[in-house]
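Undergrad: Supplied in structure tokens, the structure appears directly below.
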Ligand SMILES: Cc1cc2nc3c(=O)[nH]c(=O)nc-3n(C[C@H](O)[C@H](O)[C@H](O)COP(=O)(O)OP(=O)(O)OC[C@H]3O[C@@H](n4cnc5c(N)ncnc54)[C@H](O)[C@@H]3O)c2cc1C
């Protein structure tokens, strides 16, 4: 075991918060390694092509590096370029396409199991910071046909819907936004949601847009409708009155939310509340019940994924690596961040 690679701080997840944690460590002279199962900022890679952030650019910044963009809000592409630039400028040590799969204590050392290109690897560390977000784990409908190739759990690009019958499933921002974009790209869209009405958290600029399209007969909706099956040509829904309807669909977006990787948290020894999925965390230091293991960013909020965003999670590295004064300042910055609009 003595020949294992050792790093003082191993950070799993090169999202905005994992990168911010690495900056906090590096600026204190703590050597770090960031591993990411995908590319840098892989959750943003998964955003729809051309998407605009709702947050103003200065609140997406990490490490004090300015984010400049051509419009009032950054696009997905500008944000990716920005985070790449931060990694270069700060000289962060990132290993992409390397997944953390487990961690355990052996002979008093914290040993992390990684998988790179299907090859297992062990790295020991003093502190493991899990900053793996939630966006790679979709809440599934668990219905027949959900794995068919025309069913997506991430909204990719509206252009692909041109001329198609599209069913979008969900009642929050991502579903409403996808429905509007697919309609504008020439898709025949039906929005299906099991609730009686859209979620109150739907952004104030999306709601009237959708309502106007529905009133004009341009987008169809089925509220109080539960998806019971997806076939190659249809989405089968059952209403609260028990009637069954076959909605034509050759493209389906099931946008019913996401959740942290609870299996990974269990595999590193972090306990979560059974009902909320919320891990036990010291709010000041973000230390978990597992000695040496910390959670940063949106993974720390359990199933309540609307609680921690880039704009308020980006100070977490200061809580983990900073002294009492840095922690207090990070808490102030967190508290002063505007409450984000739910996803
Ligand atoms: C469409 C959309 C729009 C959004 N707009 C905004 C906005 O305007 N403003 C805002 O503040 N927030 C916004 N958010 C939320 C924001 O994306 C998240 O809050 C933010 O990405 C969380 O950052 P994070 O670093 O905690 O996690 P993530 O950005 O999700 O990063 C986690 C990283 O961990 C990696 N990973 C996962 N599992 C492993 C593993 N086992 N081993 C190694 N690496 C792993 C992933 O590949 C990923 O790169 C938006 C989200 C979506 C979906």
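Undergrad: Of everything in segment 189-208, what is touching a helix residue (DSSP H, G or I) at 6+ places or on another chain (Cβ under 6 Å) and outside any strand (DSSP E or B)? Give them in sequence order.
TA: Let us first name the residues in segment 189-208 that are touching a helix residue (DSSP H, G or I) at 6+ places or on another chain (Cβ under 6 Å), namely 189, 191, 202-203, 206.
Result: 202, 203, 206.
Undergrad: Which members of segment 162-180 meet the condition of being crowded, with 20+ Cβ neighbours inside 10 Å and farther than 24 Å from residue 42 by Cα?
TA: 166, 167, 171, 180
Undergrad: Can you tell me which of (1) touching a strand residue (DSSP E or B) at 6+ places or on another chain (Cβ under 9 Å); (2) under 18 Å from residue 129 (Cα atoms); (3) at pLDDT 95 or above is the one residue 318 doesn't meet?
TA: Failing condition for residue 318: (1).
Undergrad: In segment 281-300, what residues are free of Cβ contacts under 8 Å to residues at least 40 places away in the same chain and within 21 Å of residue 54 (Cβ to Cβ)?
TA: Within segment 281-300, no residue meets the criteria.
Undergrad: Of the numbered conditions (1) part of a helix (DSSP H, G or I); (2) within 9 Å of the ligand (Cβ to nearest atom), residue 326 fails exactly one; give the number of that condition.
TA: Residue 326 satisfies every listed condition except (2).
Undergrad: Residue check: is residue 186 touching a residue at least 24 places away in the same chain (Cβ under 8 Å), closer than 30 Å to residue 274 by Cα, outside the structural domain of residue 53 (by TED's automatic domain parsing) and in a loop (DSSP other than H, G, I, E, B)? Before you say what the answer is, go through the steps one by one.
TA: On the way: touching a residue at least 24 places away in the same chain (Cβ under 8 Å): yes; closer than 30 Å to residue 274 by Cα: no; outside the structural domain of residue 53 (by TED's automatic domain parsing): yes; in a loop (DSSP other than H, G, I, E, B): yes.
Spelling it out, it is not the case that residue 186 is touching a residue at least 24 places away in the same chain (Cβ under 8 Å), closer than 30 Å to residue 274 by Cα, outside the structural domain of residue 53 (by TED's automatic domain parsing) and in a loop (DSSP other than H, G, I, E, B).
Undergrad: Here is a check on your reading of the model: is residue 195 touching a strand residue (DSSP E or B) at 6+ places or on another chain (Cβ under 7 Å), within 22 Å of residue 142 (Cβ to Cβ) and surrounded by 14 or more Cβ atoms within 10 Å (Cβ to Cβ)? It would help to see each step written out before you state the result.
TA: Working: touching a strand residue (DSSP E or B) at 6+ places or on another chain (Cβ under 7 Å): yes; within 22 Å of residue 142 (Cβ to Cβ): yes; surrounded by 14 or more Cβ atoms within 10 Å (Cβ to Cβ): no.
Taking the combined requirement at face value, the residue does not satisfy it.
Undergrad: Considering only segment 106-119, state which residues are more than 22 Å from the chain's Cα centre (by Cα) and modelled with pLDDT of 95 or more. Before the answer, list the steps.
TA: First, the residues of segment 106-119 that are more than 22 Å from the chain's Cα centre (by Cα): 106-113, 117-119.
Scanning segment 106-119 gives 110, 111, 112, 113.
Undergrad: Looking at 332, 327, which one is over 29 Å from residue 174 (Cα atoms), modelled with pLDDT under 95 and touching a helix residue (DSSP H, G or I) at 6+ places or on another chain (Cβ under 8 Å)? Working first, answer last.
TA: Working: 332 fails: touching a helix residue (DSSP H, G or I) at 6+ places or on another chain (Cβ under 8 Å).
On inspection, the qualifying residue turns out to be 327.
Undergrad: Hey, another quick one. Of all residues in segment 24-65 being in a loop (DSSP other than H, G, I, E, B) and more than 12 Å from the ligand (Cβ to nearest atom), which is nearest to the chain's Cα centre (by Cα)? Steps first, please.
TA: Going through segment 24-65, the residues in a loop (DSSP other than H, G, I, E, B) turn out to be 27-31, 36-41, 46-51, 53-56, 61-65.
Still in the list and also more than 12 Å from the ligand (Cβ to nearest atom): 27-31, 63-65.
On the way: 27: 26, 28: 28, 29: 29, 30: 27, 31: 26, 63: 21, 64: 23, 65: 22 Å.
In this case the residue turns out to be 63.
Undergrad: Could you please find all residues in segment 247-280 being closer than 23 Å to residue 109 by Cβ and buried (at least 17 other Cβ atoms within 10 Å of the Cβ)?
TA: The answer is 264, 265, 268, 269, 270, 279.
The values are calculated or read from the model by the stated rules, or taken from the named source; none is laboratory data. Just so it is clear, the model here is predicted, and its values are computed rather than measured. Here the Cβ is made from the backbone with ideal geometry for all residues, glycine too, and neighbour counts use every protein chain on show.
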